[in-house]
1. Of the residues in the stretch 136-171, how many are within 21 Å of the chain's Cα centre (by Cα), assigned to a helix (DSSP H, G or I) and either crowded, with 17+ Cβ neighbours inside 10 Å or in contact (Cβ under 8 Å) with a residue 12 or more places away in the chain (or both)?
2. Determine which member of the set Tyr57, Tyr20 is outside any loop (DSSP other than H, G, I, E, B), of a type in the set (Ser, Thr, Tyr) and farther than 13 Å from Gly181 by Cα.
3. Out of all the residues in the stretch 68-84, is one or more over 29 Å from Arg210 (Cβ atoms), modelled with pLDDT under 95 and basic (Lys, Arg)?
4. From the list Arg11, Arg63, exactly one residue is buried (at least 18 other Cβ atoms within 10 Å of the Cβ), within 24 Å of Ala123 (Cβ to Cβ), modelled with pLDDT of 95 or more and over 15 Å from the mean Cα position of the chain (by Cα). Which is it?
5. Working carefully through the options Tyr168, Tyr132, find the one that is farther than 22 Å from Val58 by Cβ and at pLDDT 95 or above.
6. For the stretch 30-44, name all the residues that are modelled with pLDDT of 95 or more, within 16 Å of the chain's Cα centre (by Cα) and of a type outside the set (Phe, Trp, Tyr).
7. Restricting attention to the stretch 208-227, which residues are surrounded by fewer than 13 Cβ atoms within 10 Å (Cβ to Cβ) and assigned to a strand (DSSP E or B)?
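The values are calculated or read from the model by the stated rules, or taken from the named source; none is laboratory data. Quantities reported herein were computed from a predicted structural model and do not represent experimental measurements. We place every Cβ from the backbone using ideal geometry, glycine too, and count neighbours over all the protein chains shown.
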Amino acid sequence: MAGSGTEVPFRVVALPEIVYRVARKGMGDAYARITPEDDRNPKAGGRFDVLGGGVLYVASQPRTCYLETLAYLRPSPGIDLKAGHDDSAFLAPGQVPAQWREDRTLYTLGPREESRLVFVDLADVETRTWLYRLLADELAVFGVSHLDVPEVMHPNRAVSRALARLLYSITDEDGAPMFGGIRYASKYEGTAECWAIFERYPVAVGGQARIDREDPTFAEAAKSLGLTPF
């Protein structure tokens, strides 16, 4: 635990027995992989993608999955939200098409029995302080002088990927990887818990469910984002 004085200067936690993921059908356990070109692009790829390794993004609750995956459908400021002349053919900005739901599934996942690695908790301030000390010179290039929660969710994904790259590379005294991934707070709801699972940490799909428009959790998440599902 961070701040113990006699142990490590960072906080680690275990992945819950059950986590959730919204993904396209057949992609429940498909790890994200980033190309060298996208890795150099601050707007491309996943927030904690690691070049040369896979990363799986999950959340502790279905609502968080919906928030994370629906948010990109929010209209940009200034867009006219009125529907077009042919309402049966076109959806107005801010509406979630039925096809979005039909193309995706809510997956339930969990660690396999052999999973023993722990996760670094980026919600912990002492952990972020420790990471900043290790990466101060690299982060300074991006104008980052402190590693607080907004910096972890920095619009420039090169910042968060620098954190992931370091944590992915750390090994114990025997040369074995120390961490199975990262715990972080959702940028859409600060109390919501998200996880970036490194490919070295084996997980299994335990179940999957259709995303129903009438599902209260889905409907409330969409409403929270100002979206209307169809």
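1. Result for the stretch 136-171: 16.
2. On the way: Tyr57 fails: farther than 13 Å from Gly181 by Cα.
Among Tyr57, Tyr20, only Tyr20 is outside any loop (DSSP other than H, G, I, E, B), of a type in the set (Ser, Thr, Tyr) and farther than 13 Å from Gly181 by Cα.
3. yes
4. Working: Arg63 fails: over 15 Å from the mean Cα position of the chain (by Cα).
Selected residue: Arg11, the only one of Arg11, Arg63 that is buried (at least 18 other Cβ atoms within 10 Å of the Cβ), within 24 Å of Ala123 (Cβ to Cβ), modelled with pLDDT of 95 or more and over 15 Å from the mean Cα position of the chain (by Cα).
5. On the way: Tyr168 fails: farther than 22 Å from Val58 by Cβ.
None of the other options fit; the residue is Tyr132.
6. Hits for the stretch 30-44 are Ala30, Ala32, Arg33, Ile34.
7. Once the filter is applied, which keeps residues that are surrounded by fewer than 13 Cβ atoms within 10 Å (Cβ to Cβ) and assigned to a strand (DSSP E or B), the stretch 208-227 yields Ala209, Arg210.
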